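One structure is given below, encoded as structure tokens.
Quick note: the coordinates plus some simple rules give every number you see, no bench work behind them. None of the values given here were measured: they were computed from a predicted structure. Here the Cβ positions follow ideal geometry from the backbone for every residue, glycine too, while neighbour counts run over all protein chains shown.
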């Protein structure tokens, strides 16, 4: 009888542990979906800014046709990439490279960098990149914890039974991404330089002191 009670207690503990682990997997998977939705929102917001940015730069650099075409094509590819995070990251690489080419062109036009519309787009795009960086860190953190449980014992047993598979990180190619892993667009080099302070005119020579003899007249 005591052995039967011990066995029943062990069964109850295992069942409760399995249910708890399963529910935690469900919760983690939902967190990952919500985190990815935040990334997708910021990506779409950035894509929506690009046509206006291209039009503004194009007004000052009409001869840079190839750069504008590259940005437009890369944006179209990135916008249509609605699959997995890995597929989206693969499309982000060429888009970010094309966007950096566009910003490099803008840097060559001081009047463009002082344009109010460009400055507004610059500010909004920079803020979007900051939010995207935060959303990416949150998403990858949730994926990392979830994948750890999928691959660890004994939670891996529940993962196999419940068909909880590994999730993909949102990563961009090392050659194109910023230090924190996000395709970062740096506007620091695009800010309008402050005008140099005017040189003060030379001070007139001091008059001779009272006890100092005046200079001799020219010969």
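Reported to the nearest whole Å, the Cα centre-to-centre distance from the range 101-160 to the range 18-80 is 9. Judged by the ratio a/c of the largest to the smallest principal axis of the C-alpha gyration tensor, the range 37-138 counts as oblate, that ratio being 1.5 or greater while a/b is no larger than b/c.
With R₀ set to 41 Å, the beta-carbon distance separating residue 5 from residue 48 gives a calculated FRET efficiency near 0.05. Using the Cβ-Cβ distance between residue 61 and residue 97 with R0 set to 25 Å, the FRET efficiency from 1/(1 + (r/R0)^6) comes to roughly 0.85.
Quickly work out the residue 82-to-residue 145 label distance, labels modelled 7 Å from Cα along the C-beta direction, and quote it in nm with one decimal. Distance between the two pseudo-spin positions: 3.0 nm.
A prolate overall shape is assigned to the range 111-153, the ratio a/c of its alpha-carbon gyration tensor axes (a ≥ b ≥ c) being 1.5 or greater and a/b exceeding b/c.
Among 39, 16, sorting on how many other beta-carbon atoms sit within 10 Å of each Cβ, with the fewest leading, yields 16, 39.
Sorted from longest to shortest, the spans of the Cα atoms of the range 1-84 along the three principal axes equal 90, 15, 13 Å. Mind running the shape call on the range 29-74? Use the C-alpha gyration tensor, a ≥ b ≥ c as the square roots of the eigenvalues: rounded below 1.5 for a/c, prolate if a/b tops b/c, oblate otherwise. Prolate shape, in that a/c is at least 1.5 and a/b is the bigger ratio.
Need one number: nm distance between label points at residue 14 and residue 108, each 7 Å from Cα along Cα→Cβ, rounded to one decimal. In this crude spin-label approximation the distance works out to 7.1 nm.
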